[in-house]
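One structure below.
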2 protein chains.
Amino acid sequence: MHVGHLLTRAALRYPDRVAWIEGEVRIDYRAAEARVNGLANSLLASGLRPGERVGLLGANCYQAIETILAPMKAGMAVVPMNMRLHPEEHAFILNDSECAALVYGAEFADHVASVRDRLPSVRRFIRVGGSGPDIEYERFLAGASGAPPPVEPRPEDLAWLFYTSGTTGKPKGAMLTHRNLLAMEATFLVETNPAAETDVLLHAAPITHGSGLAMFHHIARGAAQTCLPTRRFDPVAVFETIERRSVTTIELLPTMIIMLLAAPERVRYSLKSLHTILYGGSPMPVEKLREAIAAFGPVFVQIYGLGEAPQTITTLPRGEHVGERLASAGRPTTNTMVRIQDEEWRPLPVGSTGEIAVRGDIVMAGYWKRPDATADAMRDGWFRTGDIGCLDADGYLYISDRKKEMIISGGSNIYPREVEEVIYRHPAVHEAAVIGVPDATWGEAIKALVVLKPGLRATEAEIIEHCRAHIASYKKPKSVEFRESLPKSGYGKILKRELRDPYWAGQERKV
Amino acid sequence: MHVGHLLTRAALRYPDRVAWIEGEVRIDYRAAEARVNGLANSLLASGLRPGERVGLLGANCYQAIETILAPMKAGMAVVPMNMRLHPEEHAFILNDSECAALVYGAEFADHVASVRDRLPSVRRFIRVGGSGPDIEYERFLAGASGAPPPVEPRPEDLAWLFYTSGTTGKPKGAMLTHRNLLAMEATFLVETNPAAETDVLLHAAPITHGSGLAMFHHIARGAAQTCLPTRRFDPVAVFETIERRSVTTIELLPTMIIMLLAAPERVRYSLKSLHTILYGGSPMPVEKLREAIAAFGPVFVQIYGLGEAPQTITTLPRGEHVGERLASAGRPTTNTMVRIQDEEWRPLPVGSTGEIAVRGDIVMAGYWKRPDATADAMRDGWFRTGDIGCLDADGYLYISDRKKEMIISGGSNIYPREVEEVIYRHPAVHEAAVIGVPDATWGEAIKALVVLKPGLRATEAEIIEHCRAHIASYKKPKSVEFRESLPKSGYGKILKRELRDPYWAGQERKV
């Protein structure tokens, strides 16, 4: 069994249902299958072989969905890249993964041109839209057979090479196999997001990241997908598309939900079709989650996953978004095991805080060409996530923070997320990030970087006092700085490293 | 991930929900988990090692459910046996699989005694109920820890060694791994039978066969299970239990459904709780299916599977039990691929009749200690089923018959099922079986063996004339014999070989 067959099967079952919608374009499942097969056959005809890799660089569009599916049908793997990276970083990924072809959006033509003489493995460049030196996507497809290519990928074959953001060192490619993606797809259908054929999935977050991983179970059910280009996340475009396309489902990062909440235009649109907001990828402040439920209704489904174990490690369903559970990432899904372990991989008892490890068919095959990193991260089928957390007696997972974000101050461990949660409860706060900065006495001192809501005021002393009133004194920030905005990754995560680096210039962090 | 974890997870999520009901006994999920862990720990403490096998022989009871789950938790495999077999056949299976322990119902004590000195591998005998020389099940469990055993089976480990009925030669053990069973479980939940925690599954057919395979997805949802002992299928007991236990779901063979239809007591019971009858395992005559829908309502879900690819190759859901589709086995499930191929494993185009082959995570790892048989049946991940059928343009599978049941008469292939379907449409017919018997001129001649409904009459000439009116003349029976009953296997399948053998004594069949 392989991922590409999901589309073949959907084309057989739902030939006339709309698969992709974009502008005036409507492509039904029969046509989508033929187009994806056409791309797969053209890749093979142009000299690419099963087992090779195809890079993808571009904003969300249905051609990007097709470019994710077609290599999988041809027995190749796709390497979707974060478009916010620097061209040098794209070059690194394309070379590291030894991509044989690159499909890119015309908006990245200059970008590609700036590095193309340093991409020795790339034999084929395919441009989506626009004009330029490389063959255009639709021309590349033209004339190719719409029948499935004569290739039968095995479940253990590489399907999606998922480059992690690599906050330290170079990015690493997490090898997701057909089996990984099908296990994730089945888990979505069993419990995380049992999609129906009447659903419409909006890709507002990048397809090259989390949002793209929601495509498979929607295809399995014959649901429709529509895209927003994502060079910049635009709340108004999201509202407008939900209303116009009767969108039912969307996958977002917490920072994106906070942007939607802050957009005053929200009230001008009907969002009544929306029944599911899948969110995850970084901590969601409980206070913001409460506001979001008040604004959008009980439509939130939390997912917890990483590039190495995508999307469905745990799920907090709609109905469990109450009380204490709002701070939880939910419970392990049916076919996934989660445990808390210490630094020596020893399982810890219920209620202990330690590193979160996961086991199951969603766990990657390993890091691409990095046996060292694989051996460090995986043991006996368990993958250690680098996240710190605990499981309660009912099986709910509470994530403290990323291990590497932990602050050690005066010998105590402080998880920034806990402090941020408290700061978010201050009525004037729009966004907050807590980091450790060098301190001669304590090793690290806690600093809060805060963006205030437009028109609202707060002082450093007020924020510190607010924290002192709600958490242990040693966890309160020693200092607070107010900022206009916080730097974010291409996927919308707050870049703590960028915030931290200036303070640590010339010094070595102990953690 | 392993099968035993489904129960651990259910005990965490639904500790107080009833897992097993039997007579006055109600065991909740917390207790069920502790009991199964107790059995697993006792097996380990008594000297059995992970990787060994545990035989199971007995009528349906909750201890049988526990005996299927506990070895899987201990890293062992279970070998559930058809209780209708001869003791010599049980001995063959126990020796072939080298079982280290045998759990048996007290009703089989004499039976076990008759062969126990020829079971060199069996070091532990455990008796459920009654009295006798071996340790009783509850005593074996007593005092054992209720915590999960310190074993972590891998997905590729053997979980259930499923002995096929072996209509030719000795039975073979189909090796079902944890991954196979979890893939089946997920497919049930995704589409074949999305169970809810309010469901009650009745095991009226043997747990050691198909009905037992429905336990896993019910456990995953925290549903309840109840058992009927199955030495003889008793329609009244089925009706009575459905009413008393508010049974929602039952898995039956077609012959069992025919027995339910023929039982006049049906009208005395309320069956309103029943929303799903899963059926499969042998062809269901369309005429009987119509009658059954009229009698029980639109509750039928057809499943197609074999010991080597259990339960979920295709599904015909409730809503598709209409018109032509009644003769279909449904369409391939989400994570399963089906194709029609010729004798040389070449895929055949849509609409062709040929051998049905299946691929996906439900396909067994191979036959136990039979690399020859495995190589014959499996190639490139495809398993050939031995069933003849075709796929239509909409992806529906129509099964003609087992390859080995095909009759060759005058050079034409005749599938008994097709002839039987016509005979079943005769109003006086209760059951029918069509076989080939030796014929000097035609090689084989078609013979129908018919059981009439009580109080109704039909002659040989009428049955033949009825067939001539509905199918090609060369397919009509040359002779018809009326019988009081037809011989059936322990699982309720009509034993064609037993019907055929007397006619072929001293002659060799060409097919």
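What follows draws every value from the coordinates through simple rules; no lab data is involved. Here the structure is a predicted model, which means the values were calculated and not measured. Methodologically, a virtual Cβ is constructed for each residue, glycine included, from the backbone with ideal geometry; neighbour enumeration extends over all protein chains shown.
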Sequence order, the stretch A:153-161: Karplus ³J(HN,Hα) from phi using 6.51 cos²θ - 1.76 cosθ + 1.60, θ = phi - 60°, Hz rounded, Gly and Pro as x, gives x, 8, x, 8, 6, 5, 10, 9, 9
Which lysines have a Cα less than 20 Å from the Cα of A:LYS369, not counting those fewer than 8 places away in the same chain?
A:LYS170, A:LYS172
Between copies, how far does the label point of B:VAL451 sit from its twins, in nm, shortest first, when each point is 7 Å from Cα along Cα→Cβ?
7.5
Placing each pseudo-label 7 Å from Cα in the direction of the beta carbon, B:ARG268 and A:ASP376 end up separated by a distance in nanometres of 7.4 nm
Report for the stretch A:4-390 the percent antiparallel among DSSP-assigned beta bridges with both residues inside it, nearest 5.
50 percent
Rounded to whole angstrom, the alpha-carbon centroid of the stretch A:381-430 lies from that of the stretch A:455-510 at a distance of 15 Å
Pairwise label distance in nanometres, A:GLU136 with A:ARG49, each label 7 Å out on the Cα-Cβ vector:
3.3 nm
Suppose each label sits 7 Å from its Cα in the direction of the beta carbon; what would the B:GLU465-A:ALA294 distance come out to in nanometres?
8.4 nm
Rotation relating A and B, chain B residue nearest the axis via C-beta, angstrom:
B:ALA186, 2
Please work out the FRET efficiency for the pair A:TYR503 and A:ASP234, using the Cβ-Cβ distance as r and a Förster radius of 41 Å; give the result to the nearest 0.05.
0.80
So if we plug the beta-carbon distance of B:ASP439 and B:GLU343 into 1/(1 + (r/R0)^6) with R0 = 22 Å, what FRET efficiency do we get, rounded to 0.05?
0.30
Rg(Cα) of the protein assembly as shown divided by 2.2 N^0.38 Å?
1.02
With DSSP loop assignment and no more than 15 other C-beta atoms within 10 Å, the trypsin sites (Lys or Arg not before Pro) in the stretch B:321-386 are B:LYS369
Taking R0 as 25 Å and r as the Cβ-Cβ distance between A:GLU481 and A:SER412, the FRET efficiency 1/(1 + (r/R0)^6), rounded to the nearest 0.05, comes to 0.65
Residue-wise, which Karplus ³J(HN,Hα) couplings in Hz belong to the stretch B:128-139, taking 6.51 cos²θ - 1.76 cosθ + 1.60, θ = phi - 60°, and x for glycine or proline?
8, x, x, 9, x, x, 8, 5, 7, 3, 5, 5
Shielding of A:182-189 by partner chains, average beta-carbon count, 10 Å:
5
Residues with beta-carbon under 13 Å from that of B:ILE27, excluding B:ILE27: net charge, scoring Lys, Arg +1 and Asp, Glu -1?
-3
Starting at the first residue of the stretch A:475-483, write each ³J(HN,Hα) from the Karplus equation 6.51 cos²θ - 1.76 cosθ + 1.60 with θ = phi - 60°, in whole Hz, x for Gly and Pro.
8, 6, x, 7, 8, 10, 10, 9, 10
Can you list residues from other chains, or at least 5 along the same chain, whose modelled amide H is less than 5 Å from the amide H of B:VAL78?
B:VAL54, B:TRP160, B:LEU161
In cubic angstrom, how much convex hull volume per residue do the alpha carbon atoms of the stretch B:125-245 span?
191 Å³
Assuming a viscosity of 1.002 mPa s and a temperature of 20 °C, what translational diffusion coefficient in µm² per second does Stokes-Einstein assign to chain B, Rh being the Kirkwood radius over Cα pairs?
91 µm²/s
For the stretch B:167-226, the Debye formula with one identical point scatterer on each Cα and no solvent gives log10 I(q)/I(0) at q = 0.16, 0.19 Å⁻¹ as -0.56, -0.73
So for the protein assembly as shown: antiparallel DSSP bridges make up what percent, rounded to the nearest 5?
60 percent
If you average the sequence gap of Cα pairs under 8 Å that are 6 or more apart and divide by the length of chain B, what percent do you get for the contact order?
11 percent
Relative to the other copies, what are the label-point distances for B:ARG244, with labels 7 Å from Cα along the C-beta vector, expressed in nm at one decimal and sorted shortest first?
6.4
